[in-house]
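Beneath this line is the structure, given in structure tokens, with notes to follow.
Each reported figure results from applying straightforward, stated rules to the coordinates on display, with no laboratory input. Remember, predicted model here, so these are calculated numbers, not experimental data. Here the Cβ positions follow ideal geometry from the backbone for every residue, glycine too, while neighbour counts run over all protein chains shown.
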Amino acid sequence: MLRPLLWSARKLHQFFGLLILLGSWAPLGAQANLEHQVDQELKALLLQTVAQADSFNDRFDAEVWLLDMSTRMSRYLPNERERLNFLRQVHREASQAGLKPDLVLAVIHVESLFDRFALSRAGAQGVMQVMPFWKHELGRPEDNLIDLATNLRYGCTILKYYLDKESGNLRRALARYNGSLGSQRYPDRVLEYWYRYWHVKD
């Protein structure tokens, strides 16, 4: 019964009407700490990832997840079609990166409150608050970080890289992603949102 719903979501356009900018509420953004030299290994991984095709094969076993998450997300994105398209892309990009989609939803919840037009005071953009310097580091200045798929691909790749770099230590990976290594404030908030709103039991 859910399969037609998923297929209809696939045909939706990626762009929707302008949402309210988060303004000063938005966090300073992922990768906000620019004091350190760009990690060349991460740069190479990002370049490889963002250059891939714009679409991946979605598995139909994601349909149950889509229905569950759509119900939970209705308060944040009231439009059902927009919500399903958003969730489908999150599931696709998180799975491609090797991350749990529900964890990525928690990061997005904290970073942008699901506003793909979010812009932080530090200049971080989109749902995962990616810093635009990455585009220039990768030689891809034409990439649009407001585009949902592009933003998710950057953000998921960066988060997975830090998770691997920290040998699976999620707290440290999240702190690195936020540019606040040494502080527990950001990891605590993401984990709280994950378990309160989005966590799916394995």
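Here are the numbers for the structure shown:
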read-out: Rounded, prolate or oblate (a/c below 1.5 giving rounded, otherwise prolate when a/b exceeds b/c) for segment 116-155 by Cα gyration tensor; value: oblate
read-out: Linear extension gain, S183 paired with E80, 0.36 nm per residue minus alpha-carbon span; value: 33.4 nm
read-out: Nearby lysines by direct alpha-carbon distance to K43 (threshold 18 angstrom, same-chain neighbours under 8 apart not counted); value: K135, K160, K165
read-out: Residues whose placed amide H lies under 5 Å from that of V130, excluding near-sequence neighbours; value: Q125
read-out: In segment 140-202, GluC sites (Glu not before Pro) in a DSSP loop with at most 11 other beta-carbon atoms within 10 Å; value: E142
read-out: Positive dipole terminus of segment 102-202, leading residue within C156, Y193, G123 (C-beta point charges); value: Y193
read-out: Neighbour-count order for T71, T157, fewest beta carbons within 10 angstrom listed first; value: T71, T157
read-out: Gyration tensor verdict on segment 105-202 (Cα atoms; rounded if a/c is under 1.5, prolate if a/b is larger than b/c, oblate otherwise); value: prolate
read-out: Shape of segment 73-118, Cα gyration tensor, a/c cut at 1.5; value: oblate
